[in-house]
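**Student:** I am attaching a structure below and will ask some questions about it afterwards.
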Amino acid sequence: MTNSWTDIKNTDLVVIMGGNAAEAHPCGFKWVTEAKHHRGAKLIVVDPRFNRSASVADYYAPIRPGSDIAFLMGAIRWMIANDKIQWDYVRNYTNVSYLVRDDFGWQDGMFTGYDEEKRSYDQTSWEYQIGEDGYVLTDETLTHPRCVWNLLKAHVDIYTPEFVENVCGTPKDRFLKICEMIGETSSPTKTMTSMYALGWTQHSKGSQNIRGMAMLQLLLGNIGVPGGGMNALRGHSNIQGLTDVGLMSNLLPGYLSMPRETEPDFATYMSSRGNKPLRPNQMSYWQNYGKFMVSFMKSLWGDKATAGNGWGYDWLPKLDIPQYDAMRMFEMMTKGEVNLYFCQGFNALLSFPNRGKMTEAFSKLKLMVVMDPLETETASFWENHGIHNDVDSAAIRTEVLELPTTCFAEDEGATVNSGRWLQWHWAGATPPGEAKSDVWIMAQIYQRVRRLYAEEGGKAPEPILNLAWDYEDPEEPTAAELARELNGRALETLYDAADPTKVVLEKGKQLSGFGQMRDDGTTSGACWIYTGCFTEDGNNMARRDNADPSGMGVYQNWSFSWPANRRVLYNRASCDLDGKPWDPSRVLIEWNGEKWAGADIPDIAVTANPREVGPFIMNPEGTSRLFSRKLMRDGPFPTHMEPFESPIANPLNPEMRGNPVARMFQGDVAQLGDRTEFPFVATSYRLTEHFHYWTKHNHVNAVTQPEFFVEISEELAAERGIRKGGRVRVWSARGQVWAKAVVTKRIRPLTCDGQTVHVIGIPIHWGFKGAARKGFGPNTLGPFVGDANIETPEFKAFLVNIEPASEGVA
Amino acid sequence: MNIDLSRRGFMKLAGAGVATTSLGAMGFHEAEAAEAAHVRDFKLATTTETRNICTYCSVACGIILYSKGDLAAGEKAELLHIEGDADHPTNRGTLCPKGAALKSYVRAETRLTRPRYRAPGADKFQDISWDEALDKIARAVKDDRDANLIERNAEGVPVNRLTTTGFLAASATTNETAWATWKVVRSLGIVGFDNQARV
Ligand code: SF4
Ligand code: SF4
């Protein structure tokens, strides 16, 4: 989230599209209710189902799964045509006036540079025109045919209300009404918030869905303002933290990136990072990359990291491909290329698409290690459970170790909420039986492997032997020790760069902010964005002052929010070019003539002159990007792409299947289904009574939602002879499931491209372990393809068939 | 809370059967204090309270664990009850149907309590000691790494890449667990490393 849960109360309009907050994030959704009640805010819901959020919305419109880009580009087209643009914001805070290279273009649903063989674009032309001074060329009059504004106008021209209706199945009058409601927030004193979740990410073009809305929000001037923003409602309690700390195949902590093997040394690695500004006076904050990176390396390798050895650069793993993401690892397993796999609190057998493939992958491992508080289907993938897990145990040779871990009630530490608050919690219960903390388990594995290397020698022992591990008890580091390491400290006494007699921080003291980090090895800090969380003042994540003097939902002294305890990202953009808030009744920060100050921590250098320094300080432009250059693999503007399995052909290019640059493995292409055999669109979702595959272990939740079901319209039920509560078989090109049929008015058939499109809703919460009845999930059916940029599987739109099934068969 | 008595603090004082005099000190009139004195002792008054955060979704509601026994004092603690933290700015004491049943997850019958091992072809788990399990893992990791680590690529660049062992990390663990995990996993050279953010 750019903003926070409590900030939602400041909004005038909530758009829930690509999520279902009332169902999946109920206590956060209360802030929508608060805004409706106290500000008179309106709520719009756009979703294939009339879901729980829709039931309390002011306005609802249906949409075909996988057609969101068309809807959003249509909305942008409408804003442009009706001049619902926050012009002062757009002119000054976006790249709307920047000139783009002459050879960039778009035709038949594709951008310039497509290479069909490689399934990727040569992105050379997706770039600005750069002047001799090294800065981007601009045209403030917005008349130049190559400026972003004119390219954008041309790009969205095709997305007329009729096009939207035809592709999305959204009735034109509903689409237009929503455009009107959204358009009102182009006023500097009106704002809109976007709340989305997996409904936007789980597509082969998920990142572009989100970009589409981000662009719309920029045109309306709604980013960086209270009550505005792009608010990703994250799933797990610490999915934000795990991503921040870089537990991703392509990341280091703090969104630094893993080195590639084409970067043989530290100097080469650094040469393509630390962006120089693209416009005069801009902060381009990633210029500090080296300070964050060296501090991280000092936390990782301690004294062993020196200037002479590139801070231990050789010991980091180097990538030969963009990423070894989970789906690639499973593909490699099916080929026998992986021997050993750890699942730490991750029920992969139920989480990734094409469960048959997952079972095959796991069956080819030599050893699987599962750490979990609960029994999981993954740990028992080799157990036969009839139709619910139809495997031949004897034929599966994989060894499995299942290790019992503590859960939240039994351990201590911080989790990061969706709004980036690092909140500390304490243990209040003794672990059951012999259950141990994950930290203890990881430390034990490390100590034992380390001992083996020390005793026996072996391949490349340096990274293992040189890892900094100076905890008081190396067998079990404490949460506080690890948190202090994430924050970082002064390894030598730090002096002021301007006045070398002035001590900034004494040796050994915790850093108070990432501004103190150095690239000469005198500071450590494992995750720069967290610096400030555990300072000489103590553990700031444990702060519990819930006062909110500004009344803006800031809660500055409650826990710690990254970065720098800032609650609303890009908040400089909440003020005009003179530093005055767009809306005087909603003030987060303002320029007082000398500096920036206010209830929130300014997202800009406090003395930065508002007329010179742009609000988007991480970007070398200083502005936000309506045209995203080469940053996304599938285009600098979002363009409509059909799901890989779709009931209609892409009207922009009937030859195009799915996202033309999404990765598809050979075996999975053969397992794609066709609309003639699989005429119905399936989409997965979650229920308020359940959390993923955990709460089916709880007696209470298992009682409230005991049984797997699928949800279909009355029309589809009639067409297929399915009765309410009857048993059905649902199958795709990859597998089949049996379920109870919920026949409902909440899903209605749509008309797209002249055809009737039926949608089948499939909740995710059942398996063969726990207290609830045995069941299935959509992952038995879904296709093994992910988003072109980040490899999130396409669970929200794929094709299935359905028929009544006889009752007794099990 | 800095100045005002917090909502939680108030409930705790008023609920825990404190003497009439302290109710008076809190500004209650005599009649109200007398009334309060008749109220039965709050059942959870003898428990230890611990601040925690709901482990499910990223709304991250504040919760209070009530346990018999005090971990901080070195005692065993048995979880008796969980409720919403009324002082928490996001949820203000409320919980959804998942959070309200959190205790049922902590104490689920299918919680794991001891390490288990499944042999090739077996149709059952068998018990294994922690020591044996951890030694087995360390041995397997080292053997796989020694056999398959790519130390240098064709150009002679040190790449320290291990693709034959992979790791999926948990998104309900703490940042601190995450960092300890990161260090161990990456020091081994593992590149197939992800968390639930991918799904
Ligand atoms: S579910 Fe029942 S107990 Fe919970 S809020 Fe609703 S009515 Fe009250
Ligand atoms: S109580 Fe419900 S809304 Fe709150 S964090 Fe837990 S799951 Fe999320």
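The values are calculated or read from the model by the stated rules, or taken from the named source; none is laboratory data. Because the structure is a prediction, the values reported are computed rather than measured. Using ideal geometry, Cβ is built from the backbone for each residue, glycine included, and neighbour counts are taken over all protein chains shown. Surface accessibility is based on the protein's heavy atoms, side chains included, excluding ligands, DNA and RNA. Shrake-Rupley method; radii C 1.70, N 1.55, O 1.52, S 1.80 Å.
**Student:** ³J(HN,Hα) across the stretch A:155-163 via Karplus (A = 6.51, B = -1.76, C = 1.60, θ = phi - 60°), whole Hz, x for Gly/Pro?
**Tutor:** 5, 8, 4, 6, 8, 6, x, 5, 4
**Student:** If packing is taken as the mean number of other Cβ atoms within 10 Å per residue, what is the order of A:160-171, A:535-546, highest first?
**Tutor:** Peptide ranking by packing, descending: A:160-171, A:535-546.
**Student:** If I ignore ligands, DNA and RNA and count only protein heavy atoms, how much of A:Arg451 is accessible to a 1.4 Å probe, in Å² to the nearest 10?
**Tutor:** Looks like 110 Å² after rounding.
**Student:** Another question, if that's okay. If we count every other residue with Cβ under 13 angstrom of A:Ile617's Cβ, Lys/Arg +1 and Asp/Glu -1, where does the sum land?
**Tutor:** Charge balance near A:Ile617 sits at 0.
**Student:** Next question, about the same structure. Using a 1.4 Å probe on the protein heavy atoms only, what accessible surface does B:Leu79 show? Give it in Å² to the nearest 10.
**Tutor:** Using a 1.4 Å probe on the heavy atoms, I get roughly 10 Å².
**Student:** Packing-wise, with mean Cβ within 10 Å as the measure, how do B:94-106, A:144-156, A:19-31 rank, highest first?
**Tutor:** A:19-31, B:94-106, A:144-156
**Student:** Output wanted: per-residue J couplings in Hz (rounded whole) for the stretch A:175-191, from phi through Karplus 6.51 cos²θ - 1.76 cosθ + 1.60, θ = phi - 60°, x for Gly and Pro.
**Tutor:** Ordered by residue, 3J(HN,Hα) equals 4, 5, 4, 5, 4, 4, 5, 5, x, 4, 7, 6, 5, x, 10, 10, 9 Hz.
**Student:** Hey, got the average number of other protein chain Cβ atoms within 10 angstrom for residues in A:345-356?
**Tutor:** 3
**Student:** Right, here's the next one. Go through the stretch A:191-276 and name the trypsin sites (Lys or Arg not before Pro) that are in a DSSP coil and have 16 or fewer other Cβ atoms within 10 Å of their Cβ.
**Tutor:** A:Arg273
**Student:** Measure off 7 Å from each Cα along the Cα-to-Cβ vector at B:Ala119 and A:Asn275, then give the distance between these two points in nanometres to one decimal.
**Tutor:** 5.8
**Student:** For B:Gly121, list long-range residues whose amide hydrogen, built 1.01 Å from N in the peptide plane, is under 5 Å from its own amide hydrogen.
**Tutor:** The answer is A:Ile396, A:Arg397, A:Thr398.
**Student:** Within the stretch A:683-810, what is the number of lysine pairs with alpha carbons under 15 Å apart, leaving out pairs fewer than eight places apart on the same chain?
**Tutor:** Final tally of qualifying lysine pairs is 5.
**Student:** So what's the gap between the Cα centers of the stretch B:49-95 and the stretch A:749-810, to the nearest angstrom?
**Tutor:** A separation of 36 Å, based on Cα centres.
**Student:** Shielding of B:124-136 by partners, i.e. mean partner chain Cβ atoms within 10 Å per residue?
**Tutor:** Counting Cβ atoms of other protein chains within 10 Å of each residue's Cβ and averaging gives 4.
**Student:** May I pose another question? Quick check: the distance between the Cα centres of the stretch A:355-379 and the stretch A:38-89, to the nearest angstrom?
**Tutor:** 41
**Student:** I've got another one for you. Among A:Asn281, A:Asn309, A:Ser351, flag the residue with its Cα farthest along the positive direction of the charge dipole of the stretch A:267-354, charges on Cβ as +1 for Lys/Arg and -1 for Asp/Glu.
**Tutor:** Result: A:Asn281, furthest along the dipole toward the positive end.
**Student:** I need two numbers for the stretch A:1-76: Rg to one decimal and Dmax as a whole number, Cα atoms only, in Å.
**Tutor:** Expressed in Å, the Cα Rg and Dmax of the stretch A:1-76 come to 12.4, 34.
**Student:** Each label point is 7 Å from the Cα along the Cα-to-Cβ direction; what then is the distance between the points at A:Leu142 and A:Ala564, in nm?
**Tutor:** Simple spin-label model gives 3.0 nm for this pair.
**Student:** Just to make sure I understand: if all protein chains stay in place, what is the order of B:Tyr66, A:Tyr285 by accessible area at 1.4 Å, largest first?
**Tutor:** Sorted by accessible area, descending: A:Tyr285, B:Tyr66.
**Student:** Report, to two decimal places, the Cα Rg of the stretch B:116-198 normalised by 2.2 N^0.38 Å (N = number of residues).
**Tutor:** This ratio for the stretch B:116-198 stands at 1.32.
**Student:** Same structure again: Using the Cα centre as the reference, give the magnitude of the dipole from point charges on the C-beta atoms of chain A (Lys, Arg: +1; Asp, Glu: -1; all else neutral), rounded to the nearest 20 debye.
**Tutor:** Roughly 1580 debye for chain A.
**Student:** Tell me which of A:Gly525, A:Met368, A:Leu750 sits at the most positive position along the dipole axis of the protein assembly as shown, charges placed on C-beta atoms (Lys, Arg +1; Asp, Glu -1).
**Tutor:** After comparing all options, I get A:Leu750.
**Student:** Excluding residues fewer than 8 places away in the same chain, name every one of the lysines whose C-alpha is closer than 23 Å to that of B:Lys136.
**Tutor:** A:Lys364, A:Lys366, A:Lys436, A:Lys459, B:Lys124, B:Lys183
**Student:** May I pose another question? Within 10 Å, count the other beta carbons around each residue, average over each peptide in A:712-723, A:63-74, A:83-94, and list them highest first.
**Tutor:** Highest-to-lowest ranking by the protection proxy: A:63-74, A:83-94, A:712-723.
**Student:** Could you pull out every residue, at least 5 positions away or on a different chain, whose amide H is within less than 5 Å of the one on A:Thr170? Hs are placed 1.01 Å off N in the peptide plane, and Pro or chain starts have none.
**Tutor:** A:Arg64
**Student:** Using a 1.4 Å probe and counting only protein heavy atoms, arrange A:Ser624, A:Ser257 so the residue with the most accessible area comes first.
**Tutor:** Order by accessible area, largest first: A:Ser257, A:Ser624.
**Student:** The protein assembly as shown: percent of C-alpha pairs farther apart than 47 Å?
**Tutor:** 25
**Student:** Only four residue types carry charge here, +1 at the Cβ of Lys and Arg and -1 at the Cβ of Asp and Glu. Report the dipole size of the stretch A:1-83 about the Cα centre in Debye, rounded to the nearest 20.
**Tutor:** With Lys and Arg at +1 and Asp and Glu at -1, about 140 debye.
**Student:** Given the C-alpha centroids of the stretch A:537-568 and the stretch A:409-426, what is the distance between them in whole angstrom?
**Tutor:** 14
**Student:** Per-residue HN-Hα couplings for the stretch A:324-329, Karplus 6.51 cos²θ - 1.76 cosθ + 1.60 at θ = phi - 60°, whole Hz, x for Gly and Pro?
**Tutor:** Couplings: 9, 5, 4, 5, 5, 4 Hz.
**Student:** Let me ask something additional. Eight or more residues apart or on different chains, and alpha-carbon atoms under 21 Å: count the Lys pairs in the stretch A:6-232 matching that.
**Tutor:** For the stretch A:6-232, the number of qualifying lysine pairs is 19.
**Student:** Tell me the per residue accessible area of the stretch A:584-628 using a 1.4 Å probe; a whole number in Å² is fine.
**Tutor:** So the stretch A:584-628 comes to 39 Å² accessible per residue, rounded to a whole number.
**Student:** Sticking with the crude label model, points 7 Å out along Cα→Cβ, report the distance from B:Asp135 to A:Lys740 in nm, one decimal please.
**Tutor:** Result for the modelled spin labels: 5.0 nm.
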